[in-house]
Amino acid sequence: SLAYYSQQALQENAVNTAIALGMEAVAIPSPNALAENALFNAAVTPGTRHVLPEADVTLATTISTDGLYGLSSSGNPFGDPLDTSVKYWDLETGQVIHTLTGHTAAVWDVAFSPDGTQALSCDADGVIILWNLADGTEVKRFQAGVKWVLTVTFTPDGKGFVSGGGDNLNNADFSPDSTELVLWDIASGEIVRRFEGHQKPVWGVAVSADGQSLLSASADPFGTGGTVDNSVRMWNIETGEEQRQFNSDLTGFLSVAFTPDGTGALAGLGGGDPVVMYYNLTDGTERRFEQAHTDAIWAVSITRDGRTALSGGGDNLMILWSVETGKPIRTFIGHGSAVLGATISPDGRIGFSAGSFDTTLRIWDLVNGAEIQQNSIGQSAPTTVFTLNQSQTQALLGTSDGGVVLWDTTENRLIYSLDGHKTEIRSVAISPDGKFGATGAINDTDAGEENADILVWNLETGEEVYRLVGHTREVNALAFSPDGSRLYSGSND
């Protein structure tokens, strides 16, 4: 049981793991005295521990054009980041398909390619990475001319992308030379056009469906002073010429999106005047949405039919809007910190949100307002088994829905979510050198599978190395030989 494994971890002086397992044990309906004693014993053991998982800020989310997949990014832009990964999600199951690693600084934004086969991510060290989503590998990286690349988006043909950002974001020494808004050619890796005019960092960009126009949003949320640039600007992508400019007297813009027909724009204002604005790009008129947020609007997105929109705010709220009336349809409450990412599926049925410091990603049913899924450390089902490596710095955990998690017990953070099993995990093992892990599951009789799988993982890369088939019942025990060259398994067969 979980209580037993909590006591075992405590005997091995893995206090943090013992507390985590004890909390899982008492969370089960009608926990017994053994579970309560396990948590109590772990809690009163002397030493330093983190009861809640420690993770970095979740900074951005986006949804693929078919509405089936999501991307999220993380990192601490104002300190030493623990997790600078990008995660590729299956929104129907809430499971991570790939964890994309390669950034060494906070990842500010993510974007899907139009065909959904590739992704872009940009970070606080000027690096932009192109990813292959089929296998989670890096295809190419680009180095921007500014330190903080805050926003990125593909062009509709998938052959280029636009990035925006700036330098000295929390420093009063900010100049127009410190901002950048550029168009890249993916094949050559070169900048093909610069859009000159912004005086402050560019926080949001959007490209029209026909690929002819670009929107950019500028703000100074950290109060660096100097020249004011609280503007949304529309550009001709082919010539780089500025076509329209919309300004705010009180605060800057942190997010922007085109309406599907390209004739309008939605933009989210900062904390001084936290409203969603609608701009008519044909005649230049504007309309304020009803004020519902009480803090900066960090994200806006719109459905394919242009009828509904979603916003995420610094007030921890995500709000669904009627674009026609500018009135809120539904408010979603649950995040414990600013919602920096809020993305709506093309059909308007699913919302994907990221709460910054609460380290959660949530999937919502926008029709009935229900929260479908919440992910923190990457597992969404009860833990069934776990083991520690010899140094007790890593734990390998299996869940009742086939999830496998490699966890850093020193820093209390997720290292990898290992996807491969479909059924409950019954056994786990780590090789003596800590380089490999093995997981055993029950056979999936509903799917007509007669054999139970054993998967061997490379714990340094998170990749599946071997799939061992032969047992006809659940695999309840796994053990590596002392030299790590053999794996032994036991089953009810």
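Read-outs: derived from the displayed coordinates by stated rules, not from any lab. Here the structure is a predicted model, which means the values were calculated and not measured. Backbone-built Cβ (ideal geometry, glycine too); neighbour counts: all protein chains shown.
Counting only other residues whose beta carbon sits under 9 Å from that of Met234, what net charge do I get with K and R as +1, D and E as -1? Walk me through the numbers before you get to the answer.
Working: positive: Arg233, Arg244; negative: Glu242.
Result for the local shell: +1.
Can you list the residues, at least 5 places off or on another chain, whose amide H is less than 5 Å from the amide H of Gln118, using H built in the peptide plane?
Ser113, Leu133
Along each of the three principal axes of the Cα atoms of the range 58-375, give the extent in whole Å, ordering the values from largest to smallest.
On the principal axes, the range 58-375 reaches 44, 44, 38 Å in Cα extent.
Lys/Arg Cβ at +1, Asp/Glu Cβ at -1, dipole of the range 58-375 taken about the Cα centre: which of Thr227, Ser337, Leu150 is farthest positive-ward?
Going by the charge dipole, the pick is Ser337.
How do 301-309, 212-220 rank on mean C-beta neighbours within 10 Å, highest first? Write down the numbers at each step before the final one.
Working: 301-309: 18.6, 212-220: 24.3.
Per-residue mean Cβ counts within 10 Å order the peptides as 212-220, 301-309.
Please give the net charge around Asn458, taking every other residue with its beta carbon less than 15 angstrom from that of Asn458, where Lys and Arg add +1 and Asp and Glu add -1. If you can, show how the numbers build up before the last one.
Details: positive: Lys435, Arg467; negative: Asp135, Asp419, Asp433, Glu460, Glu463, Glu464.
Neighbourhood net charge equals -4.
For every other residue with a beta carbon closer than 13 angstrom to the beta carbon of Pro346, add +1 if it is Lys or Arg and -1 if Asp or Glu, then tell me the sum. Mind showing how you got there, number by number?
Values: positive: Arg304, Arg307, Arg349; negative: Asp66, Asp305, Asp347.
That works out to 0.
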